[in-house]
Amino acid sequence: MTTEREKMTAGEAFNQFDHELINRRILVRKILQKINNTPDNEERNAMIKGLFAETGDEFFMETDLQFDYGFNVHIGNNFFGNYHLTLLDSCPIRFGKNCYIGPNCSLYTNIHPLNAQERINDVELGAPITIGDNAWFGGGVTILPGVTLGNNVVVGAGSVVTKSFGDDVVIAGNPAQVIKQIDNSNLQEK
């Protein structure tokens, strides 16, 4: 039998009030209170790593992090997340390596139906978010469900990303659109 967690992670309709999911959210909230009040960087980041599905060895997250579950967050090596990062991870959120995320950024995998009766009946869905290698998000970026960004993508501050984009672009706006191509032909990665 498929669990609500398995349905949720797969992007299928799920019951957000399932006991396993509620218990995980409560656990995460309790630990996030401690994480977000821990001034020591190494201690704070070790606690975060213990909740995420995976992270690289080089990993740094500032305070005021928020997420639902953690078990759907996958982060590549050499990651920096600035203050007030929100990861609504009903479905997987994947970051490649060398990603730098500015303050007040939000990635939302949760989808609520347009149909009012379905919302009243607590139908909830999700769609994964995938961010390629070498991403850089300015402050206040919002990434919506189902978005995939290629490698070497720069997202301008305040942008709302509603659709997927390929490699080597600067995107900005609401909704975000390509404003510039980037030449990364001489890229030498860390």
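Among 120, 75, 143, which one shows the biggest mean-square fluctuation in a GNM of the chain, springs joining Cα atoms closer than 10 Å?
Per the Cα network of the chain with a 10 Å cutoff, 120 tops the list.
Could you work out, for the range 1-62, what percent of all Cα-Cα pairs fall into each 5 Å distance bin, beginning at 0 Å and stopping at the bin that holds the largest distance?
Once binned at 5 Å, the Cα pair distances of the range 1-62 give 3, 16, 21, 18, 15, 14, 9, 3, 0.
Compute log10 of I(q)/I(0) for the range 83-190 with the Debye formula, placing one identical point scatterer on every Cα and leaving out solvent, at q = 0.09, 0.14, 0.21, 0.22 Å⁻¹, to two decimals.
-0.24, -0.55, -1.07, -1.15
When ranked by the protection proxy of mean other Cβ atoms within 10 Å per residue, highest first, what sequence do the peptides 165-175, 19-29 form?
Result, highest mean Cβ count within 10 Å first: 165-175, 19-29.
Among 30, 97, 49, whose mean-square fluctuation peaks in a Gaussian network model of the chain (Cα, cutoff 10 Å)?
Fluctuation is largest for 30.
Which percent, nearest 5, of DSSP beta bridges in the chain are antiparallel?
Percentage antiparallel, nearest 5: 25.
Ignoring ligands, DNA and RNA, what percent of the 1.4 Å accessible area of the range 143-190 is carbon and sulfur?
That fraction is 47 percent.
Taking Cα pairs under 8 Å and at least six residues apart, what relative contact order does the range 124-190 come out at, in percent?
Once divided by the residue count of the range 124-190, the mean separation gives 24 percent.
May I ask you to compute the full-extension gain from residue 118 to residue 26, defined as 0.36 nm times their residue separation minus their alpha-carbon distance, rounded to one decimal in nm?
Residue separation times 0.36 nm, minus the Cα-Cα distance, leaves 30.6 nm.
Which pairs in the list 7/30; 7/163; 7/180; 97/163; 49/180; 30/163 are over 27 Å apart, alpha-carbon to alpha-carbon?
Flagged as over cut-off: 7/180; 49/180; 30/163.
Given the options 77, 121, 110, which has the most mean-square fluctuation in a GNM of the chain, springs set between C-alpha atoms less than 10 angstrom apart?
Per the Cα network of the chain with a 10 Å cutoff, 121 tops the list.
Quick one: which of 1-8, 39-46 comes out on top by average Cβ neighbours within 10 Å, and what's the full order, highest first?
By packing density, highest mean first, the sequence is 1-8, 39-46.
Once amide H atoms are built 1.01 Å from N in the peptide plane, which residues 5 or more positions from residue 179, or in another chain, come under 5 Å H to H?
Long-range HN contacts for residue 179: 170, 171, 172.
Which one, 138, 52, 117, projects farthest toward the positive side of the charge dipole computed for the chain from Cβ point charges (K/R +1, D/E -1)?
So the residue we want is 117.
What accessible area per residue comes out for the range 1-141, rounded to a whole number of Å², with a 1.4 Å probe?
Value returned for the range 1-141: 49 Å² of accessible area per residue.
The values are calculated or read from the model by the stated rules, or taken from the named source; none is laboratory data. Treat the numbers as computed from the prediction; the structure is a model and nothing was measured. Ideal geometry is used to build each Cβ from the backbone, glycine not excepted, and the neighbour counts take in all protein chains shown. Calculation scope for accessible area: heavy atoms of the full protein, side chains included, ligands and nucleic acids excluded. Shrake-Rupley method; radii C 1.70, N 1.55, O 1.52, S 1.80 Å.
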